[in-house]
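Here's the structure we're looking at; comments come further down.
The values are calculated or read from the model by the stated rules, or taken from the named source; none is laboratory data. Keep in mind that what you see is a predicted model, and the values were worked out from it rather than measured. As a convention, Cβ positions derive from the backbone with ideal geometry for all residues, glycine included, and neighbour counts pool all protein chains shown.
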Amino acid sequence: MPKKKTPTDYRLYIHLPIRAYKDPRLQRYRQAMFILAALCSYTDFRGVCWPNQATLAKDLNVSRQAVSRYIRMLIKWKYVKYARKEFKGQKGNCYFIVYDPKTTENMARKNVSMAKHELPGQERKEALKTINKISTNTKRGNGKGNPQVDKDKVKETSSVSDGETSDVARNVSYNDNNNIKVNNEKRTIMIYMKKVIMEVYGKDFQYNFKQEDEAQKLIESGVKVDEETYQKMKQALLWFRNKEPYKDAPGHINFFKSFLLGQNKAPFDVKTMIKKIVNRKKL
């Protein structure tokens with residue numbers, strides 16, 4: 001029997017409460033710190049996560065009893081609270097990480113709800129500008145899926161991880177019209193990914209230049225930078241969350257490859273998705 005392939009873990013960092021590393025209790029009970037870090041590695045933008053104890057035990061190579069014991073300690077020390085269930089029929093526990101003792105779970109949910117459709121600063125402006133130009137071009141009937149870009153107005157908009165090589169160091173020229181268009185298009189694809197992850201999972205997403213290069217390959221394979229592509233990405237993510245409710249959001253642009261190139265099709269809308277689930281249960 002072939003060995004089951006281990007799924008790639010695309011998580012790159014963990015957000016820990018700053019007070020945790022100064023806490024003498026966590027310095028004494030280091031395993032509790034590891035459990036807290038493991039929980040934080042699964043949190044969404046609200047500080048909510050729902051990994052089961054078996055997953056945590058496997059991640060840290062400890063027993064489930066140890067995981068349960070240290071989670072109780074973290075709850076006692078007010079680093080973790082039980083959170084309300086994320087979806088109907090959920091069996092495992094949901095946890096809320098207390099980053100700020102003054103912020104409750106409801107406050108965190110409300111904050112994300114208010115910012116749900118926002119993109120950070122310049123990225124949001126660039127994404128909206130791109131979508132508006134696409135819409136305008138479509139209405140005029142010129143048949144062009146990609147907007148015309150004014151090279152004098154092109155600005156850095158990618159949300160890249162710290163320590164990544166700059167465009168200057170990578171010998172990328174912004175003085176050539178083709179390069180301007182290529183860089184703007186692939187970054188718009190990555191901005192689409194950031195936005196759909198925020199909408200579906202309520203969490204931020206950081207990417208690097210390697211992912212931008214993968215986005216460029218998608219464009220070269222025929223993927224258009226338009227509203228239709230954005231909607232396909234969103235439907236693919238909704239499908240995945242329904243299919244794998246205990247897993248985190250996909251962390252790489254290649255997750256969308258088969259959907260965008262027509263090799264795999266997610267249900268077109270939520271109604272279709274629900275209908276398929278009901279039919280499956282009837283069988």
Scan the range 222-240 for residues that are more than 19 Å from Tyr207 (Cβ to Cβ) and surrounded by fewer than 20 Cβ atoms within 10 Å (Cβ to Cβ) and jot them down. Gly222, Lys224, Glu227, Glu228, Gln231, Leu238
Residues satisfying the stated conditions in the range 54-83, i.e. within 23 Å of Gly202 (Cα to Cα) and not charged (D, E, K, R): Thr55, Leu56, Tyr79, Val80, Tyr82, Ala83
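Could you grab me the full set of residues in the range 200-221 that are within 30 Å of Ile14 (Cβ to Cβ), hydrophobic (A, V, I, L, M, F, W, C) and in a helix (DSSP H, G or I)?
Residues satisfying the conditions are Val200, Phe209, Ala215, Leu218.
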Condition (residue is under 30 Å from Asn106 (Cα atoms), modelled with pLDDT under 90, in a loop (DSSP other than H, G, I, E, B) and not small (Gly, Ala, Ser)) applied to the range 222-245: is it met by at least one residue? yes
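Looking only at residues in the range 40-97 that are touching a Gly at 6+ places or on another chain (Cβ under 7 Å) and crowded, with 17+ Cβ neighbours inside 10 Å, which one is farthest from Pro245 (Cα to Cα)?
Of everything passing the filter in the range 40-97, Ile97 is farthest from Pro245 (Cα to Cα).
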Which of the residues that make up the range 24-47 are of a type in the set (D, E, K, R) and part of a helix (DSSP H, G or I)? Arg25, Arg28, Arg30
